[in-house]
Amino acid sequence: MKDDYQNEKDREEEMKKQPKFKVVDRRRINADEIEASDEPPEPEPEAPVETEEEPAQDEPIEEKSDEEPEEQVQEEEIRDEKPDEAPQESVEDPLTYRNIVMSFLQTLVTVVWVHLGLVPHPQTQLVMKKLEEARKAIDLFEAIYKAVENDIPDQVKPEIARLLEDMKANYIDQL
């Protein structure tokens, strides 16, 4: 009896370990058309490394010049350009205070339009009116805008003020 019980228990554990789905590759690619190899591609041969050896008697002796080879000069110019690019990347950092505030304000605008019933909900695609939620989002937008108004660039301020007025006007229209 213990053997039957143990066998049943083992079968149940095996069933739990097996996946409950089957993976089927339905791609329409003919394996004969694909050229695949298990071997990695051969690396391109590198330029021979020059070593300071005594030249053979038949070879002419080259004089060394104080000028740097052209390749080294180009590499240094590229290195000089990269530090100039770094500050530009930091300006576009999405985690800066200004970018986070602007992103949040844009989110609030979307929330207002959804709760006013002017656009469908992004997840449910249903159009609904929740005027109390819209009013709270408008008030929050206005409070944040007033708190950070000095930190917002001058060219963006008129657009944000217009958005605030549009939201208020649409709220009054929906009453």
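The values are calculated or read from the model by the stated rules, or taken from the named source; none is laboratory data. Quick caveat: nothing in here was measured; it's all calculated off a predicted structure. Neighbour counts run over all protein chains shown; Cβ positions are idealised from the backbone, glycine included.
So here's what we get for this one:
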| item | result |
| --- | --- |
| Total residues in segment 112-128, condition farther than 16 Å from residue 172 by Cα and not in a loop (DSSP other than H, G, I, E, B) | 0 |
| Filter result for residue 136 (within 22 Å of residue 168 (Cα to Cα) and surrounded by 15 or more Cβ atoms within 10 Å (Cβ to Cβ)) | yes |
| Tally, over segment 129-170, of residues that are without any contact (Cβ under 8 Å) to a residue 24 or more places away in the chain and part of a helix (DSSP H, G or I) | 18 |
| Long-range neighbours under 6 Å by Cβ, at least six apart or interchain, first residue under 14 Å from residue 149 (Cβ atoms) within segment 95-115, second of a type in the set (A, V, I, L, M) and at pLDDT 90 or above | 101/148 |
| Of the criteria (1) more than 29 Å from residue 97 (Cβ to Cβ); (2) over 27 Å from the mean Cα position of the chain (by Cα), which one residue 125 fails | (2) |
